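Every number here is computed from the coordinates shown, using simple stated rules; none is lab data. Nothing here was measured: the structure is a model prediction, and the numbers come from that model. All Cβ positions, glycine included, derive from the backbone under ideal geometry; neighbour counts span all protein chains shown.
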C-alpha cells in the first residue's frame, strides 16, 4: 500500500508525518550539487525518504521550547523556541516549521536514499581485529550517528541531540 505524505503545515496536525513535501525537496535539490539519488528516486521512494527522515530527526533531536499544540504528531511547531536569527528574546513563530528544519529533512532524505544510516554497519565498533590466538577489540566511539554532521548543522540552531555524552547537561538561559 502506498504511503501518503502528510506535511506539517504549522497547525500542529495530529496526522502529520513529514516536515517537507516533494515540492520542497525538488526546490531544495534544484540548488544542490549532488541531487542524483533524489532525482533518480520515484515519487514513492521520495515520500518514504522524507517520512523516514522526519522520524529519525524526531527520534534523534530534542528541540528547544515545547510542542505548540496538544496532540500534534511531530515536534514542530514549537512554542517558546528561541529564534536564533531574531532579536534577543525573540521566539520562532508558533505556526511554522522553520526552513532549516525543512532543509535538514530534505538533506537526510537524500542520505537515506543513498544508505540506511539507522542500521548498524557490519563491523561496527571494531577497533582492532586479529587472528591466530585472539579476537577483536571494540571501540564504541566508532559508531556513525544516524544524523550526519551536515544535517545536524541545520538543527543545532534549534535544539540538541537526544543522545549526549555522559556528564553533559543542556543549559538554558532564563
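Observations on the model:
- Residue match in the range 2-22 (condition: part of a helix (DSSP H, G or I) and out of contact with any strand residue (DSSP E or B) (no Cβ under 7 Å at 6 or more places or on another chain)): yes
- Options 39, 44, 87: the member that is in a loop (DSSP other than H, G, I, E, B) and over 22 Å from residue 146 (Cβ atoms): 87
- Taken together, the residues in the range 41-51 that are in contact (Cβ under 8 Å) with a residue 12 or more places away in the chain and out of contact with any strand residue (DSSP E or B) (no Cβ under 9 Å at 6 or more places or on another chain) amount to 7.
- Criterion (within 21 Å of residue 153 (Cα to Cα), surrounded by 17 or more Cβ atoms within 10 Å (Cβ to Cβ) and more than 11 Å from the chain's Cα centre (by Cα)) met by exactly one of 33, 108, 74: 74
- Enumeration of residues in the range 70-100 that are out of contact with any helix residue (DSSP H, G or I) (no Cβ under 7 Å at 6 or more places or on another chain) and within 15 Å of residue 13 (Cβ to Cβ): 70, 71, 72, 73, 77, 78, 94, 95, 96, 97
- Of note, residue 49 does not satisfy the criterion of being surrounded by 13 or more Cβ atoms within 10 Å (Cβ to Cβ) and in a loop (DSSP other than H, G, I, E, B).
- Scanning the range 52-74 for residues that are in contact with a strand residue (DSSP E or B) (Cβ under 7 Å, 6 or more places away or on another chain) and under 20 Å from residue 91 (Cα atoms) yields 61, 62, 63, 64, 65, 66, 67, 68.
- Failed item in (1) surrounded by 15 or more Cβ atoms within 10 Å (Cβ to Cβ); (2) farther than 18 Å from residue 161 by Cα, with residue 63 passing the rest: (2)
- Residue ID - farthest from residue 71 (Cα to Cα), chosen from residues in the range 1-28 that are in contact (Cβ under 8 Å) with a residue 60 or more places away in the chain and buried (at least 20 other Cβ atoms within 10 Å of the Cβ): 28
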